[in-house]
Amino acid sequence: MSADKRRKIVEISHLEKYFGTLKALDQVSLDIYDGEKTVIIGPSGSGKSTLLRTINQLETFDRGRIIVDGMDISDKNTDINKVREEIGMVFQSFNLFPHKTVLENVNMAQMIVRRRSRDEAAAISEGFLQKVGILDKKNEYPQKLSGGQQQRVAIARALAMKPKLMLFDEPTSALDPEMIGEVLGVMKNLALEGMTMIVVTHEMGFAREVADRVIFMDYGKIIEEGRPDALFRTPTQERTRLFLKQILKAM
């Protein structure tokens, strides 16, 4: 199916974001389509995470427009909480409640936001904990889990809301090397199932294997985008070539 026939989940137009005098996002325009797996790469400070966080308004923006599943979040009359209900987000840090069990962590937002009963939420939670391979830890507390296990709980928590879009902000950057694979494995399975995903990551192997499209950012701008085989093998921009040469050499 050609891109212009698919439904747009996210439409970003001429986005600008300042932190003081620093222009963190500079005229960024980007469309994300239903079922698409988009990976954003680039050096630290290039605007990747800021762009991701504007989609659910964890970061406000100064100019431009963002439409998420038909809802214009640039419009002050839009209920941003209603928009956020349809967006799952996984961060670098796991953000689990330490005094609650794994199951309670996954249940909580469902009960508050989706207004599900405890039994209904628990049934859904257990299904997603099974999906991420950690159901046997449902009665454990987060401090008893490895970093990779905690991140899988965070993914299950986001999925349990049954969002239309998943955002991943460098989900493996806080993990020990041996734990990265288990989290990437869960994300690969989600991709195979057709989840619409935007992933900020330094994991180039994941980008090559999973992405429908890779976007390279620097200085708050989209420098280049394309299919992973083309962008990694024959980037058209010198800045992209330099970045890939440096990062692939370090791997």
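The values are calculated or read from the model by the stated rules, or taken from the named source; none is laboratory data. All values reported here derive from a predicted model rather than from experimental measurement. Every residue, glycine among them, receives a Cβ derived from its backbone with ideal geometry; neighbour counts consider all protein chains shown. Heavy atoms of the whole protein, side chains included, go into the accessibility calculation; ligands, DNA and RNA do not. Shrake-Rupley method; radii C 1.70, N 1.55, O 1.52, S 1.80 Å.
Structure values in brief
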read-out	value
Evaluation of residue 75 against (1) assigned to a helix (DSSP H, G or I); (2) free of Cβ contacts under 8 Å to residues at least 40 places away in the same chain (one fails), failing number	(1)
Selection status of residue 171, surrounded by fewer than 22 Cβ atoms within 10 Å (Cβ to Cβ) and either under 16 Å from residue 129 (Cα atoms) or touching a residue at least 40 places away in the same chain (Cβ under 8 Å) (or both)	no
Among (1) in contact with a helix residue (DSSP H, G or I) (Cβ under 9 Å, 6 or more places away or on another chain); (2) open to solvent by 60 Å² or more (accessible area, probe 1.4 Å) - the single one residue 177 does not satisfy	(1)
Number of the exception - residue 94 against (1) buried (at least 21 other Cβ atoms within 10 Å of the Cβ); (2) among the aromatic types (Phe, Trp, Tyr); (3) at pLDDT 95 or above; (4) within 23 Å of residue 176 (Cβ to Cβ)	(3)
Hits in region 18-42 - residues which are under 17 Å from the mean Cα position of the chain (by Cα) and either in a loop (DSSP other than H, G, I, E, B) or acidic (Asp, Glu) (or both)	31, 34, 35, 36, 42
Candidate set: region 114-155, residues that are closer than 23 Å to residue 82 by Cβ and in a helix (DSSP H, G or I); chosen: the one nearest to the chain's Cα centre (by Cα)	155
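Conditions (1) touching a Leu at 6+ places or on another chain (Cβ under 7 Å); (2) closer than 20 Å to residue 127 by Cα, marked per residue:
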residue: 147; (1), (2): yes, no
residue: 188; (1), (2): no, yes
residue: 212; (1), (2): no, no
residue: 230; (1), (2): no, no
